[in-house]
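Q: Please see the structure below; I have some questions.
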Amino acid sequence: MSLYWKSFKDILIRLLTKPIWMMLFISLALMGLVYMNQTIRDLPVAVIDLDHSTTSRDLIRQLNTSSKIEVIPYSDIPQAIADINNQKIFAAIVIPNHFEAFLMKNKDVTVLGYGDASNRLANGLIQQDILASYKAFLASFHNNTMRNSGFQDEQIDIILNPIRSQTVALFNPGANFAAITFPGLLVMLLQHSLMIASTRTNIALHSLPQGKPPKAVFLGSLSALVPIWLFLSIILFVLWPWVLGYRQLASIPVILMMTFPFLFAVIGLSKLLTECLRRVEMIYLTLSFLTTPVFYLSGTIWPLEAMPTWVWCISHLLPSTWAVNMIAGVNQMGLSLSSVGFNMLMLFLLGCFYIILGLFISGLRNGTLRQRFNFSSRSKIN
């Protein structure tokens, strides 16, 4: 036990005196630079009004009230499309002839839209604002039309809004979950940094001049990494979402309770990687190559349910898959801690599985398993 605590204190003090792990803060700061302008505003959108009626001008005013769109009047469609191709504007909206007349006669009318899909964020924001503005315009148009026809406000409200809807935030592990990229990215940062630190610690202990140290030294040295990365988890999952304005629901104790089994699983996986590779340069090359595929397999970019069965099985052997689902569910979607208990259990089981597998490979490479097997065989023969 004394060797464990001595190793724990030595490694912890070394990490605190040489805080290379603080490089993660620099990474977060660089990520946060994109938020200095807060959000995208006043995206230039061309509007070609071919109707020139009171109703069409009302629609243009409604579009111009959006914070994401800056309406730029154009006189012809070819020039607007050319400016989209030259990336001078992001989209073009064409209000057709007889727009007001068709609305008055309750006929179908089509408002054409052309957009630049190469910028997914801007294109998505423009689509949302155009649809919201058009719905608001139609609601106002129908409201005024019915009021001019003698309807009372209560009657108008019943006709236009026959069903009262209420939006409730729910956890959805299906396709919508793929959009939660931010917690997935933070989980990958935590996993990658701990993987490098723990494998580096394992290799350093294997290559000591006095030979391989006792197991208590290994346990103490690796345990010293846990407090540092628990602190980093508070920065990543509590402080940073709050700074950037993301939804953050879990308390610090809950975050720590979820992060601990994740760190245990990652340290177990690093033990397996160390025994398989045992060279520093191979560790760094392997982790650099695997980080992006692991990010895709974690369910952050693409839903797990849409993956082939064999890919789904591989993804569930990675700690990040369980951690993304767990942390995003509790911290961003409002799940209770008890509802992700299975994820925590699976992370503990994964950690144990990787440690046992790493010890088995170590025994094969060192010859200890063969010696024990040969010894047991001789004992049975005698």
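The values are calculated or read from the model by the stated rules, or taken from the named source; none is laboratory data. Keep in mind the model is a prediction, meaning the values are calculated, not measured. We place every Cβ from the backbone using ideal geometry, glycine too, and count neighbours over all the protein chains shown. Heads up: the accessible areas ignore ligands, DNA and RNA and are worked out on the full protein's heavy atoms, side chains in. Shrake-Rupley method; radii C 1.70, N 1.55, O 1.52, S 1.80 Å.
Q: Kindly list, by first and then second residue, each pair from a residue in the stretch 205-218 that is farther than 19 Å from Leu12 by Cβ to a residue that is open to solvent by 20 Å² or more (accessible area, probe 1.4 Å) and part of a loop (DSSP other than H, G, I, E, B), limited to pairs with Cβ atoms under 7 Å and residues at least 6 apart or on different chains.
A: Listed pairs, sorted by first residue: His206/Lys212; His206/Arg278.
Q: Here are Ser362, Ser320, Ser339: which of them is open to solvent by 30 Å² or more (accessible area, probe 1.4 Å) and of a type in the set (Ser, Thr, Tyr)? Even if it seems obvious, please write down each step before you answer.
A: Numbers: Ser362 fails: open to solvent by 30 Å² or more (accessible area, probe 1.4 Å); Ser320 fails: open to solvent by 30 Å² or more (accessible area, probe 1.4 Å).
One residue alone meets the criteria, Ser339.
Residue by residue, here is whether (1) more than 18 Å from Phe353 (Cβ to Cβ); (2) under 14 Å from the mean Cα position of the chain (by Cα) holds:
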residue: Thr292; (1), (2): yes, yes
residue: Leu297; (1), (2): no, yes
residue: Met307; (1), (2): yes, no
residue: Trp310; (1), (2): yes, no
residue: Pro319; (1), (2): no, no
residue: Ala323; (1), (2): no, yes
residue: Gly329; (1), (2): yes, yes
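Q: Just to be sure I understand the filter: pairs with C-beta atoms under 9 Å, separated by 6 or more residues or on different chains, first member in the stretch 25-50 and among the charged types (D, E, K, R), second member at pLDDT below 85 and surrounded by fewer than 15 Cβ atoms within 10 Å (Cβ to Cβ). Which pairs pass?
A: Final answer for the pair search is Arg41/Ser67; Asp42/Ser67.
Q: Being modelled with pLDDT of 75 or more, of a type in the set (Phe, Trp, Tyr) and crowded, with 20+ Cβ neighbours inside 10 Å: is that true of Trp310 here? Steps first, please.
A: Values: modelled with pLDDT of 75 or more: yes; of a type in the set (Phe, Trp, Tyr): yes; crowded, with 20+ Cβ neighbours inside 10 Å: no.
Judged against the criteria, Trp310 is not a match.
Q: Exactly one condition in (1) in a helix (DSSP H, G or I); (2) closer than 26 Å to Leu256 by Cα; (3) open to solvent by 70 Å² or more (accessible area, probe 1.4 Å) is false for Leu350; which is it?
A: (3)
Q: I'd like to know if the stretch 289-310 contains one or more residues that are of a type outside the set (Lys, Arg), assigned to a loop (DSSP other than H, G, I, E, B) and closer than 30 Å to Asp10 by Cα. It would help to see each step written out before you state the result.
A: Of all residues in the stretch 289-310, those of a type outside the set (Lys, Arg) come to 289-310.
This time we only want the ones that are assigned to a loop (DSSP other than H, G, I, E, B), so: 298-303, 307-308.
Filter again for closer than 30 Å to Asp10 by Cα, leaving none.
Scanning the stretch 289-310 turns up no residue that is of a type outside the set (Lys, Arg), assigned to a loop (DSSP other than H, G, I, E, B) and closer than 30 Å to Asp10 by Cα.
Q: Which residue out of Phe137, Phe102 is over 21 Å from Ile81 (Cβ atoms), buried (at least 16 other Cβ atoms within 10 Å of the Cβ), at pLDDT 85 or above and in contact with a helix residue (DSSP H, G or I) (Cβ under 6 Å, 6 or more places away or on another chain)?
A: When all the criteria are applied, what remains is Phe137.
Q: May I pose another question? Within the stretch 112-129, identify whether any single residue is among the aromatic types (Phe, Trp, Tyr), closer than 18 Å to His52 by Cα and surrounded by 12 or more Cβ atoms within 10 Å (Cβ to Cβ), and answer yes or no.
A: First pass over the stretch 112-129, keeping only residues among the aromatic types (Phe, Trp, Tyr): 114.
From the residues that got through so far, the ones that are closer than 18 Å to His52 by Cα too are none.
No, that holds for no residue.
Table: residues versus (1) open to solvent by less than 90 Å² (accessible area, probe 1.4 Å); (2) farther than 15 Å from Gln128 by Cα; (3) modelled with pLDDT of 90 or more; (4) among the basic types (Lys, Arg).
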site	(1), (2), (3), (4)
Met36	no, yes, no, no
Leu43	yes, no, no, no
Ser67	yes, no, no, no
Tyr74	yes, yes, yes, no
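Q: If you scan the stretch 7-33, which residues turn out to be part of a loop (DSSP other than H, G, I, E, B) and either at positive phi or among the small types (Gly, Ala, Ser) (or both)? Lay out the reasoning, then the answer.
A: Quick first cut of the stretch 7-33, residues part of a loop (DSSP other than H, G, I, E, B) only: 18-19.
The answer is none; no residue qualifies.
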